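Novice: Got a structure for you, written out below as structure tokens; questions coming shortly.
The values are calculated or read from the model by the stated rules, or taken from the named source; none is laboratory data. All figures in this text were calculated on a predicted structure; none of them were measured in a lab. All Cβ positions, glycine included, derive from the backbone under ideal geometry; neighbour counts span all protein chains shown. Side chains are part of the model used for accessible areas, which takes the heavy atoms of the whole protein and leaves out ligands, DNA and RNA. Shrake-Rupley method; radii C 1.70, N 1.55, O 1.52, S 1.80 Å.
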Amino acid sequence: MAFIANAKTSSFLVLICFITFSSLHITTTEACHATDRAALLDFKSKISEDPYGLLQTWDLSTDCCTKWEGVGCDSNGRVVRLVRTGGYFRYQGHFEFMIGTISPSLGELEFLSWLNLGGHKHLTGKIPPEIGKLSHLTTLYLYDNKLEGSIPASFQNLSKLKFLQLNDNLLSGTVPTNVFQHMSSLSQLDLSKNQLSGRIPSSIGKLVSLQTLDFKQNRFSGSIPTTIGFLQKLSFLTLSNNQISGYIPRSISELKSLNVVYLSNNKLTGIPAFLSNTAPLKVLMLDNNMLTGNLPDSLGNLTKLITLSVRNNRFTGKIPLILSNLINLRTLDLSRNGLAGSIPPAVINIRNLMQFNVCPTTS
């Protein structure tokens, strides 16, 4: 007997077929690329302790693109984002962290654009040179850990990098000569609070998009490279607490966007008159150096300055009257120098001045 389906039965059969094929599609297709999944699992294997379960969802039986916390993928199932940060979370009242090393397998995540493993304080070992293979990387945060060794020379291949933070680690040795050669997109560079030594490489001048440069609290020596004058977008510069010597380079006058300069606690011997060309400057900290001679009159042309400190140098002569032009100045520290003569009343009476120190020695 022939079976004649009515409209209701046909609709039911179509629905059954749709559910069956849809279910088959979900169970047989994995969104996460096998190479990426293997790389992430190898990374997890190098984490010896994970007391807060930051990698707890990373399970072989689940899809790394949809189920693994901190992992983001593109439409092709390739991992493009890995964010597992540590740090103190006030609303939870505890410090989250992982203990272990960074697996070289991360170099297999060839489409990765964002990598953030900062803030754990307990990630040790060296930075894998394989990270230099990540040609799509735009953001690399490995700050506030205990990473040691040198900065990999392979980082010169990270031509799309915009943000690089390796601060607050135990990195040592010299910065590779050409490491910045192709980083023309880099906007933020922070290598502060490490043990890096040697000269600041001249390839720093290739960072034409750089806005923030922070190298404080290292062991850098030699002079500030003249190529720093190519950093037209630079706004924040700090090289404090190093062993940098020589004159502040003449090319710094080319930095028309410069707002903040910290060069304290070095061995600088000269402050050139042309520094006044950096008109947007609001903070200039030159204390604890070996600066000599008279205070240059050209300092009086930095009319946007809010803070000026040349404390503990070797300046002699009189306090220049032209400093009274600094009408926005709130803090002026000329103490612990060899300055002589009377203080110009116009300097004392700068309208916004709140702190003024000219004592020859500390009390």
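Novice: How compact is the range 95-228 by the rule of thumb for globular proteins, expressed as Cα Rg over 2.2 N^0.38 Å? Don't jump to the answer; show the numbers that get you there.
Specialist: Details: Rg = 13.9 Å, N = 134, 2.2 N^0.38 = 14.1 Å.
So the range 95-228 has a normalised radius of gyration of 0.98.
Novice: What percentage of the solvent-accessible surface of the range 66-218, computed with a 1.4 Å probe over protein heavy atoms, is contributed by carbon and sulfur atoms?
Specialist: 47
Novice: Let me ask another. To the nearest 10 square angstrom, what accessible area does V283 show with a 1.4 Å probe?
Specialist: Answer for V283: close to 30 Å² accessible.
Novice: Please give the per residue volume of the convex hull enclosing the alpha carbon atoms of the range 257-358, rounded to a whole number of Å³.
Specialist: In the range 257-358, the Cα convex hull volume per residue is 78 Å³.
Novice: Whole Å is fine, so just give me how far the alpha carbon centre of the range 288-324 lies from that of the range 53-122.
Specialist: 49
Novice: Using protein chains only and a probe of 1.4 angstrom, how many square angstrom of C359 are accessible, to the nearest 10?
Specialist: 70
Novice: How big is the Cα convex hull of the range 106-174 in projection, averaged over all directions, in nm²?
Specialist: For the range 106-174, the mean projected area of the Cα convex hull comes to 4.0 nm².
Novice: What do you get for the angle between helix 34-45 and the principal long axis of the chain? Use alpha-carbon atoms, 0 to 90 degrees, nearest ten.
Specialist: With rounding to tens, the tilt is 60 degrees.
Novice: Tell me the per residue accessible area of the chain using a 1.4 Å probe; a whole number in Å² is fine.
Specialist: Using a 1.4 Å probe on heavy atoms only, each residue of the chain averages 48 Å².
Novice: Another one. Taking the range 296-357, which trypsin sites (Lys or Arg not before Pro) meet the DSSP loop condition and have no more than 12 other C-beta atoms within 10 Å?
Specialist: Passing both the DSSP loop test and the Cβ count: R351.
Novice: From the convex hull of the Cα coordinates of the chain, what is the mean projected area in square nanometres? Present the calculation step by step, with values, prior to reporting the outcome.
Specialist: Values: hull surface 106.2 nm².
Spelled out: convex hull of the Cα atoms, projected over all directions, averaged, 26.6 nm².
Novice: A follow-up question, please. Helix 7-28: angle to the longest alpha-carbon principal axis of the chain, degrees 0 to 90, nearest 10?
Specialist: With both axes taken from Cα atoms, the answer is about 50 degrees.
Novice: Sorting K133, K216 by accessible area (1.4 Å probe), largest first, what list results? All intermediate terms of the calculation are to be shown ahead of the outcome.
Specialist: On the way: K133 105, K216 55 Å².
Largest accessible area first, the residues go K133, K216.
Novice: Taking all protein chains in place and a 1.4 Å probe, what share, in percent, of the accessible surface of the range 302-361 do carbon and sulfur account for?
Specialist: That share works out to 51 percent.
Novice: Residues with beta-carbon under 12 Å from that of Q165, excluding Q165: net charge, scoring Lys, Arg +1 and Asp, Glu -1?
Specialist: -2
Novice: Let me ask something additional. Classify the range 257-307 as rounded, prolate or oblate from the Cα gyration tensor: take a ≥ b ≥ c as the square roots of its eigenvalues, call it rounded if a/c is under 1.5, otherwise prolate when a/b beats b/c and oblate if not.
Specialist: Verdict is oblate for the range 257-307.
Novice: Which is the longest run of the chain containing none of the chymotrypsin sites (Phe, Trp or Tyr not before Pro) found in DSSP loop states (not H, G, I, E, B) with at most 11 other C-beta atoms within 10 Å?
Specialist: Working: sites that count: F3, Y91.
With chymotrypsin sites (Phe, Trp or Tyr not before Pro) excluded where exposed in loops, the chain gives 92-363 as its longest stretch.
Novice: In the neighborhood of L308, defined by Cβ-to-Cβ distances under 13 Å, what is the net charge if each Lys or Arg adds +1 and each Asp or Glu adds -1? Mind showing how you got there, number by number?
Specialist: Values: positive: K282, K304, R311, R330; negative: D287, D333.
Cβ neighbours under 13 Å give a net charge of +2.
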